[in-house]
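Engineer: Here it is, the structure, as structure tokens.
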Amino acid sequence: MPGPIGAFLAADHARLDGLLARAEAEPGSVAAEPFAAFRAGLLRHIALEEKILFPAAHRARGGAPLPTFRRLRIDHGAIASLLVPAPTPALIAELRSILIPHDGIEEADGGLYDACDALLAAQAEQVLERMRAYPPVRVAPHRDGPRVVRTAAEALRISAQQLAVR
Amino acid sequence: MTGVERSASPSVEGALGAVEVPDSARRAWRVEVHRDARGRWLLVSPVRGDNEPFRASADGHRPGRWLPTDADEWELLARLCAGPDDERLRHEAFRVVDRLVRAAQHALLMGASEDD
């Protein structure tokens, strides 16, 4: 049975899946309003994990990160960079190629969410309260310059490089 | 039931369409029918209120996290999305969605009771 933290974050995945599907309801185009809600929601979801979940799990393990943290952080950086340009169906396909396996790592039996629910069982309600209270993230306008990343492979490569430098 | 949003064909990839289906508590649920790298699956979201959305897989995807449905139920909802409106399909969809909603709410309650 999934724990409360995983259930909360998986329900957020479901909500985001729905927004992205609505953004693509008309083949060949991207509906602005649901995509904007998806983009803001996904960036907030990443913030919940990076600013609340990962640090709490890290502390609960005595400062040792979970083995999947690095991969997930690279994915988060890549996802954020693919949310910079104005969306197209091709860009959404690139995003999905990261999001589907990423969500799988998190939601799998024995995956990140199960691990965090086990580690944070004694403080699950406090973690959930912080997540629920987390404000909407500030979202910058889209940019479409020549240096903007548009493929998952490039976004993942750059994100991995940036994480290695930190 | 209202809200057929897009012509759906069960052989197509992506979001195949959506319909609104009530449950036995007269709450309306938006059911989206999907097929992608995760197989055949449904996304069920409340039309109003603060119930949590949930997903159900006809291909055993993430069995601990997503609810199980089966190929016949998935096909039924895909056909309903594709229309035309059909009273028998509506009735069957009601039974499927009501069962899924009950299962989702049971899972939430069980998760909550484990925390206590």
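The values are calculated or read from the model by the stated rules, or taken from the named source; none is laboratory data. What you are looking at is a predicted structure, and each value in this text was computed from that prediction instead of being measured. Here the Cβ positions follow ideal geometry from the backbone for every residue, glycine too, while neighbour counts run over all protein chains shown.
Engineer: Which residue, of A:Gly111, A:Gly104, is surrounded by 14 or more Cβ atoms within 10 Å (Cβ to Cβ), over 21 Å from A:Val149 (Cβ atoms), out of contact with any Phe, Trp or Tyr (no Cβ under 8 Å at 6 or more places or on another chain) and without any contact (Cβ under 8 Å) to a residue 24 or more places away in the chain?
Structural biologist: Going through A:Gly111, A:Gly104 in turn, just one is surrounded by 14 or more Cβ atoms within 10 Å (Cβ to Cβ), over 21 Å from A:Val149 (Cβ atoms), out of contact with any Phe, Trp or Tyr (no Cβ under 8 Å at 6 or more places or on another chain) and without any contact (Cβ under 8 Å) to a residue 24 or more places away in the chain: A:Gly104.
Engineer: Cβ-Cβ below 6 Å, separation at least six or inter-chain, first residue in segment B:30-43 and more than 10 Å from chain A (Cβ to nearest Cβ) and farther than 15 Å from B:Val101 by Cα, second part of a loop (DSSP other than H, G, I, E, B) and among the charged types (D, E, K, R): which pairs?
Structural biologist: B:Arg35/B:Glu13; B:Gly39/B:Asp59; B:Arg40/B:Asp59
Engineer: Let me ask another. Just to be sure before I move on: is A:Leu43 among the aliphatic types (A, V, I, L, M), part of a helix (DSSP H, G or I) and at the interface with chain B (Cβ under 10 Å from one of its Cβ atoms) in the structure I sent?
Structural biologist: no
Engineer: Now for a separate question. Looking only at segment B:49-61, decide whether some residue is surrounded by 20 or more Cβ atoms within 10 Å (Cβ to Cβ), within 13 Å of another protein chain (Cβ to nearest Cβ) and either more than 26 Å from A:Leu112 (Cβ to Cβ) or of a type in the set (D, E, K, R) (or both).
Structural biologist: Within segment B:49-61 (the criterion being surrounded by 20 or more Cβ atoms within 10 Å (Cβ to Cβ), within 13 Å of another protein chain (Cβ to nearest Cβ) and either more than 26 Å from A:Leu112 (Cβ to Cβ) or of a type in the set (D, E, K, R) (or both)), the answer is yes, since at least one residue qualifies.
Engineer: Looking at segment A:152-161, can you tell me whether even one residue there is crowded, with 16+ Cβ neighbours inside 10 Å, among the hydroxyl-bearing types (Ser, Thr, Tyr) and either within 16 Å of the chain's Cα centre (by Cα) or within 20 Å of A:Arg96 (Cβ to Cβ) (or both)?
Structural biologist: Checked segment A:152-161: at least one residue is crowded, with 16+ Cβ neighbours inside 10 Å, among the hydroxyl-bearing types (Ser, Thr, Tyr) and either within 16 Å of the chain's Cα centre (by Cα) or within 20 Å of A:Arg96 (Cβ to Cβ) (or both).
Engineer: Please go through segment A:14-40 and pick out each residue that is surrounded by 15 or more Cβ atoms within 10 Å (Cβ to Cβ), away from chain B (no Cβ under 12 Å), assigned to a helix (DSSP H, G or I) and not aromatic (Phe, Trp, Tyr).
Structural biologist: A:Ala36, A:Ala37, A:Arg39, A:Ala40, listed by residue number.
Engineer: Can you name the number of the only condition in (1) surrounded by fewer than 15 Cβ atoms within 10 Å (Cβ to Cβ); (2) among the aliphatic types (A, V, I, L, M); (3) touching a Leu at 6+ places or on another chain (Cβ under 6 Å) that A:Val139 fails?
Structural biologist: Result: A:Val139 fails condition (3) only.
Engineer: Condition check: surrounded by fewer than 19 Cβ atoms within 10 Å (Cβ to Cβ), more than 8 Å from chain B (Cβ to nearest Cβ) and at pLDDT 95 or above. Does A:Arg59 satisfy that?
Structural biologist: yes
Engineer: Restricting attention to segment A:116-135, which residues are within 13 Å of A:Arg61 (Cβ to Cβ) and within 17 Å of the chain's Cα centre (by Cα)?
Structural biologist: Within segment A:116-135, A:Cys116 is the sole residue that qualifies.
Engineer: Could you list all residues from segment B:14-29 that are farther than 15 Å from B:Val96 by Cβ, within 13 Å of another protein chain (Cβ to nearest Cβ) and out of contact with any helix residue (DSSP H, G or I) (no Cβ under 6 Å at 6 or more places or on another chain)?
Structural biologist: Correct list: B:Gly14 only.
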